[in-house]
Amino acid sequence: MFEARLVQSAILKKVLDAVKDLLTEATFECSDSGIQVQAMDSAHVSLVSLNLRSDGFDKYRCDRNLSMGMSISCMSKILRCAGAEDTVTLRAWDNPESITFIFESPNKDKLAEYEMKLINMDQEHLGIPETSYSCVIKMPSGEFSRICRDLSQFGESITFACSKEGIKFSASGDYGSANIKLVQNTDADKEEEAVVIDMQEPLKLTFACRYLNCFVKAGPLCNQVQLSMSDDVPLVCEYKIGDIGHIKYYLAPKIDD
Amino acid sequence: TPIQNDLREFYALV
């Protein structure tokens, strides 16, 4: 049997909001250590890696490893049925054909169950090695969302240029060009407002706005985002999910023709 | 115009 309970269903809602624009379906790998998802978008340009540790759940039981293919849009619809303060429990039997979402109101006067059919999926799993990156930026997630949104008005892609002066985001197109520079700011009043730039080597990489604007949907999960970059390799954009895990997005860079 | 890469060019399928 598989059973995972979260007092705050809002966390799971936010996780779904953070992936639903990129993925139509995904396999949820459930084991003793927790729930993991690795899935690429249909164009194979980006990848979502989600990890929810078992010890972050309020109750967790997984008697045997399960691979459950789920429709992200269906799951998202179901989670919209949960009240903001509801507790959520995911439940499946061994060799399941469906998974049940159980929402319970805080004073336990309402219990709602939604059963969702699982889907068979062909999976492409990528082996992503541990990598040390030449530039790691931590910044407020709201600021990153804003930069992606603002620069998207000027072009289809954003160039990230990291130097010892800081990081510069720029975009250009038919209407003109724009750039936004950020310097390290560790004196911010609050930790979540800090900008931390750890640069070993300067770099310049270009990424498609369309995907970046999907990644920033994870902003409500965490006040800070971490961007890890090296020349000519995919960007890693990471948001922590409280004490329970993280969501990492990988995005292939654009290269000059 | 820069060309969009495929993620599978960077990581092996396992």
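The values are calculated or read from the model by the stated rules, or taken from the named source; none is laboratory data. Quick caveat: nothing in here was measured; it's all calculated off a predicted structure. With ideal geometry, Cβ positions are generated from the backbone for all residues, glycine too; neighbour counts draw on all protein chains shown.
Worth pointing out:
- Residues located in the stretch A:6-43, provided they are within 29 Å of B:I3 (Cβ to Cβ), over 13 Å from the mean Cα position of the chain (by Cα) and touching a residue at least 40 places away in the same chain (Cβ under 8 Å): A:T24, A:E25, A:A26
- Criterion (over 30 Å from A:D58 (Cβ atoms) and within 13 Å of the chain's Cα centre (by Cα)) met by exactly one of A:Y211, A:Y239, A:Y249: A:Y211
- Test: residue in the stretch A:70-78 that is surrounded by fewer than 19 Cβ atoms within 10 Å (Cβ to Cβ), farther than 30 Å from A:L251 by Cα, of a type in the set (K, R) and more than 14 Å from chain B (Cβ to nearest Cβ): no
- Test for A:M75: is it within 23 Å of A:A39 (Cβ to Cβ), part of a loop (DSSP other than H, G, I, E, B) and either among the basic types (K, R) or under 22 Å from the mean Cα position of the chain (by Cα) (or both): no
- Highlighted here are the strands (runs of 3 or more DSSP E) found entirely within the stretch A:1-54 that include at least 1 residues which are within 14 Å of another protein chain (Cβ to nearest Cβ): A:25-31, A:34-40, A:46-53.
- A:F154 aromatic (F, W, Y) and over 16 Å from A:S228 (Cβ atoms): yes
- Residues that are within 13 Å of chain B (Cβ to nearest Cβ) and either closer than 19 Å to A:V37 by Cβ or not aliphatic (A, V, I, L, M) (or both) within the stretch A:216-234 comprise A:S230, A:D231, A:D232, A:P234, listed in sequence order.
- The set of residues from the stretch A:236-254 being part of a loop (DSSP other than H, G, I, E, B) and within 13 Å of chain B (Cβ to nearest Cβ) comprises A:A252, A:P253.
- Test: residue in the stretch A:96-110 that is surrounded by 19 or more Cβ atoms within 10 Å (Cβ to Cβ) and under 20 Å from the mean Cα position of the chain (by Cα): no
- Some residue of the stretch A:198-208 being within 15 Å of the chain's Cα centre (by Cα) and within 14 Å of chain B (Cβ to nearest Cβ): no
- Sole exception among (1) charged (D, E, K, R); (2) at pLDDT 95 or above; (3) closer than 30 Å to A:S42 by Cβ for A:E124, by number: (2)
- Check on A:L6, within 30 Å of A:S105 (Cβ to Cβ), buried (at least 16 other Cβ atoms within 10 Å of the Cβ) and not small (G, A, S): yes
For (1) closer than 30 Å to A:E201 by Cα; (2) without any contact (Cβ under 8 Å) to a residue 12 or more places away in the chain; (3) touching a Leu at 6+ places or on another chain (Cβ under 7 Å), each residue gets a yes or a no:
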{"site": "A:L90", "(1), (2), (3)": "no, no, no"}
{"site": "A:P96", "(1), (2), (3)": "no, no, yes"}
{"site": "A:P106", "(1), (2), (3)": "no, no, no"}
{"site": "A:K117", "(1), (2), (3)": "no, no, no"}
{"site": "A:Q123", "(1), (2), (3)": "no, no, no"}
{"site": "A:P129", "(1), (2), (3)": "yes, yes, no"}
{"site": "A:C135", "(1), (2), (3)": "yes, no, yes"}
{"site": "A:F160", "(1), (2), (3)": "yes, no, yes"}
{"site": "A:G166", "(1), (2), (3)": "yes, no, yes"}
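- For the stretch A:168-197, filtering for residues that are within 14 Å of another protein chain (Cβ to nearest Cβ), surrounded by fewer than 16 Cβ atoms within 10 Å (Cβ to Cβ) and under 16 Å from A:R146 (Cβ atoms) leaves 0.
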